[in-house]
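The values are calculated or read from the model by the stated rules, or taken from the named source; none is laboratory data. Since the structure is predicted, the reported quantities are computational estimates derived from the model, not experimental observations. FYI the Cβ positions are ideal-geometry reconstructions off the backbone, even for glycines, and counts take in every protein chain you see.
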Amino acid sequence: MNPPIVYHPDYVTPLPDQHRFPMPKFKMLCEMLLKEEIIAAKDIHQPQIPSQETLELVHTREYIEAYCQGSLDPKAQRKIGLPWSNALVKRTLTAVGGTILTAKLALKYGLACNTAGGTHHAFPDYGSGFCIFNDLAIAARLLQKLKIVKKILIVDLDVHQGDGTAFIFAEDPNVFTFSMHCEANFPSKKQASDRDIGLPVGLDDDGYLQILARELPDLLDSVKPDLILYDAGVDTHISDRLGKLALSDRGIYRREMQVLSSCLAAGYPVASVIGGGYAKNIQDLVYRHSLLHRAAKEVYC
């Protein structure tokens, strides 16, 4: 039996040629997982687009409407870094729905993985760094509103600090934000997560995994969450264009095994999203993202 996987064809929409954001990776990831029998078609769940009311649990109405209607001012649009289109609006909303569904499936099955998600640079009233709406924050707030969970732990291992997420939950004692990121990387102005680990440029597998092994068990013991939202960015890889750390494929797989096995062994459900990854070779990038799902299959058996 495999853990549930969340995917929708609308996760992909055209971008201009040579754009830095690797949009095709989402479809390619699902295809790789099916082809290599990491998952079966029956494991795939398709999300729905969330309501504006749900988005407003995190974002301002003015920002939501301006973005969705294409009337965001040019400076705010440039800060996001993705050219606006109706198709991108649909893609953005579908991906948020994907993380919401992943969180609900994780609570039901103990573990679930999205094939997108991790838009942690989005703030309540603006987007940034390819992030438009903060899927992790919206999912957390919706589950709180529905009274499905009380305590949530966000484990953000993308190479960039989850600044938007940290800001959103700064005053919420029931959402604990943990970000382990390259200190000398975007964003230049960091926010205060509940626990931040700023890593040095060039940190390798062993150094990274030792720090994670030191931090994660204490985190689980102290927070005791009803749900863990895990952002498994692979821009920590040595060949990533926007990374600055030096993890190998094997190191990333060991990280995924460490996180998922530790959380599940302690009895905490985990909803995972794939986060960032910007390698020039998209096939290599897709494989790195698949390591999350390979590890999930391994620990779920």
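Would segment 235-258 turn up any residue that is hydroxyl-bearing (Ser, Thr, Tyr), under 13 Å from the mean Cα position of the chain (by Cα) and modelled with pLDDT of 95 or more? Please lay out each step first, then the result.
Within segment 235-258, the first condition is being hydroxyl-bearing (Ser, Thr, Tyr), and the residues that meet it are 236, 239, 248, 253.
Within this subset, residues satisfying the condition of being under 13 Å from the mean Cα position of the chain (by Cα) are none.
Among the residues of segment 235-258, not one is hydroxyl-bearing (Ser, Thr, Tyr), under 13 Å from the mean Cα position of the chain (by Cα) and modelled with pLDDT of 95 or more, which makes the answer no.
Would you confirm, using the coordinates I've provided, whether GLY251 is in contact with a Phe, Trp or Tyr (Cβ under 8 Å, 6 or more places away or on another chain), part of a helix (DSSP H, G or I) and without any contact (Cβ under 8 Å) to a residue 60 or more places away in the chain?
yes
Remark: pairs (first residue in segment 132-156, farther than 24 Å from ASP196 by Cα; second residue among the hydroxyl-bearing types (Ser, Thr, Tyr) and surrounded by fewer than 24 Cβ atoms within 10 Å (Cβ to Cβ); Cβ separation under 8 Å; 6+ apart in sequence or on different chains) = LEU142/THR54.
Could you go through segment 102-118 and let me know if any residue there is aromatic (Phe, Trp, Tyr) and surrounded by 17 or more Cβ atoms within 10 Å (Cβ to Cβ). Let's see the steps before the verdict.
If we filter segment 102-118 for residues that are aromatic (Phe, Trp, Tyr), which is where we start, we get 109.
With the extra rule that they be surrounded by 17 or more Cβ atoms within 10 Å (Cβ to Cβ), the set shrinks to none.
Scanning segment 102-118, I find no residue that is aromatic (Phe, Trp, Tyr) and surrounded by 17 or more Cβ atoms within 10 Å (Cβ to Cβ), so the answer is no.
The helices (runs of 4 or more DSSP H) found entirely in segment 12-127 that carry 2 or more residues being free of Cβ contacts under 8 Å to residues at least 60 places away in the same chain and closer than 22 Å to TYR278 by Cβ are 25-35, 74-80, 86-109. All conditions in (1) on the phi > 0 side of the Ramachandran plot; (2) touching a Lys or Arg at 6+ places or on another chain (Cβ under 9 Å) hold for GLY110, with the sole exception of (2). Note on segment 212-234: residues that are aromatic (Phe, Trp, Tyr) and either at pLDDT below 95 or farther than 28 Å from ARG141 by Cβ (or both) total 0. Here LEU143 passes the criteria (1) farther than 24 Å from GLY277 by Cα; (2) assigned to a loop (DSSP other than H, G, I, E, B) except the one numbered (2).
May I ask you to verify whether ASP218 is charged (D, E, K, R), in contact with a strand residue (DSSP E or B) (Cβ under 6 Å, 6 or more places away or on another chain) and under 24 Å from LEU107 (Cα atoms)? No.
Kindly establish whether ALA112 is within 12 Å of the chain's Cα centre (by Cα) and over 20 Å from PRO22 (Cβ atoms).
Working: within 12 Å of the chain's Cα centre (by Cα): no; over 20 Å from PRO22 (Cβ atoms): yes.
So ALA112 does not fit the description; no.
Residues PHE186, PHE178: which one is touching a residue at least 24 places away in the same chain (Cβ under 8 Å), farther than 25 Å from ARG294 by Cβ and aromatic (Phe, Trp, Tyr)? Show your work before the answer.
Numbers: PHE178 fails: farther than 25 Å from ARG294 by Cβ.
Exactly one residue qualifies, and that residue is PHE186.
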